[in-house]
1. Among rounded, prolate and oblate, which fits segment 201-240 when a ≥ b ≥ c are the square roots of the eigenvalues of its C-alpha gyration tensor, a/c under 1.5 means rounded, and a/b larger than b/c means prolate?
2. Please say if segment 1-121 is rounded, prolate or oblate, where rounded means a/c under 1.5 for a ≥ b ≥ c the square roots of the C-alpha gyration tensor eigenvalues, and otherwise the choice is prolate for a/b larger than b/c and oblate otherwise?
3. Quick one: compute the contact order of the chain, relative version, from alpha carbon pairs under 8 angstrom and 6+ residues apart, as a percent.
4. Among Gln155, Gln20, Gln130, which one shows the biggest mean-square fluctuation in a GNM of the chain, springs joining Cα atoms closer than 10 Å?
5. Given points 7 Å out from each Cα along the Cα-Cβ axis, report the Leu59 to Ala156 separation in nanometres with one decimal.
6. Output wanted: per-residue J couplings in Hz (rounded whole) for segment 171-188, from phi through Karplus 6.51 cos²θ - 1.76 cosθ + 1.60, θ = phi - 60°, x for Gly and Pro.
7. Per residue of segment 90-104, what does 6.51 cos²θ - 1.76 cosθ + 1.60 with θ = phi - 60° give for ³J(HN,Hα)? Whole Hz please, x for Gly and Pro, Karplus curve as stated.
8. Around Gln130, which amide H atoms from residues at least 5 apart in sequence, or from another chain, sit under 5 Å from its own amide H, with H modelled in the peptide plane?
Amino acid sequence: LFIASRDTNTVVVWNEVAQQVLRTIPVGSKPWGVGLVNNRVYVANNNSASVSVIDAATLNKITDISLNTRNYNCPGGPANIAVNPNTNRVYVALYGNRVAVIDATTNTPIDCLSTNSGTFGVAVNPALNQLYVTNRDGFDLMVFDISTNPAVLIQAVPLGGSPYFVQANPSRNEVYLMVALDSGYVIPNNLRVFNTTSGGVSLKSSTTIGNTGDGGAIAVSQANGKLYVAAMGDNQVQVID
C-alpha cells in the first residue's frame, strides 16, 4: 500500500500482509494523489508542479516529471491521479484548469487537456476509453474520449454545485462523484451516480449522505460493488450499496 504523506513529503510503503512499514520514500512537496500502472507508482506533488515516479518492485524513486517547463507547460497544482492500465497512461488533475497526461512507458508528458476552473478529481473507465474530470470552481463534470491522443471532450455536465472526488466502476459502467451544494460549497455530501455509455453519461440517482466536511473521498470495491465514502464531519466511513 502506497500512502502519500503530505506533512513529510514522502510516500510510506506499507506491507499489508506483515502489517509493517517497508520503506519511506522522499518525493516532492505536499504529495497528494497516487496511481499505480506499468509496475510504477505515480505521485502528484501538489506544491512542486511535478509527479514523482517510484519503481513498485524495488521501491526506489525513478525520477520526478516536471509539468511546467519550456517544452511542456501544463500549469496548476497536481491533485488527484487516475490511470489507464490498457494504454499505460497517467492522468493528473491540475487545480487550475488542466489535466496532464503522462506516458507510463517512457515517463514523458504527452498531452495537456484544457478543462474548467478548479480541476480536482479524475477517474478512468478503461473499457469505454473515457476520462471523467471534476471541476470544483466550474461546477461541472467533463467527459473525454481518451481512445486518441490528444483526447477529445465529448460532454460537459453542469452539476449545480461543486464536485470533489470522482470514481468509475467499469464492471457496472457507472461513475460516482461527491457534490457540495451548501452555501460555501465546502461539504460535498451529495452522491451523484451516472450511467455511462460510449456517448457520455446520464444521471441515475442523487442521494445526500452524512457530513463529509471537506472530505468526500470515494473508493469503489470491485469485489462487492459497494462504495466507501469518507464522511470526515461524522468521523465515519459511509458504506453504500
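The values are calculated or read from the model by the stated rules, or taken from the named source; none is laboratory data. Worth saying up front: this structure is predicted, and the values here are computed from it rather than measured. All Cβ positions, glycine included, derive from the backbone under ideal geometry; neighbour counts span all protein chains shown. Heavy atoms of the whole protein, side chains included, go into the accessibility calculation; ligands, DNA and RNA do not. Shrake-Rupley method; radii C 1.70, N 1.55, O 1.52, S 1.80 Å.
1. Oblate.
2. Because a/c hits 1.5 or more and a/b exceeds b/c, segment 1-121 counts as prolate.
3. The value is 9 percent.
4. So, out of Gln155, Gln20, Gln130, the one fluctuating most is Gln20.
5. 4.5
6. 3J(HN,Hα) across segment 171-188, in whole Hz: 5, 10, 6, 10, 10, 10, 9, 9, 10, 8, 10, 5, 4, x, 6, 10, 10, x.
7. 10, 10, 10, 6, 10, 5, x, 7, 8, 10, 7, 10, 10, 7, 7
8. Asn125, Ile146
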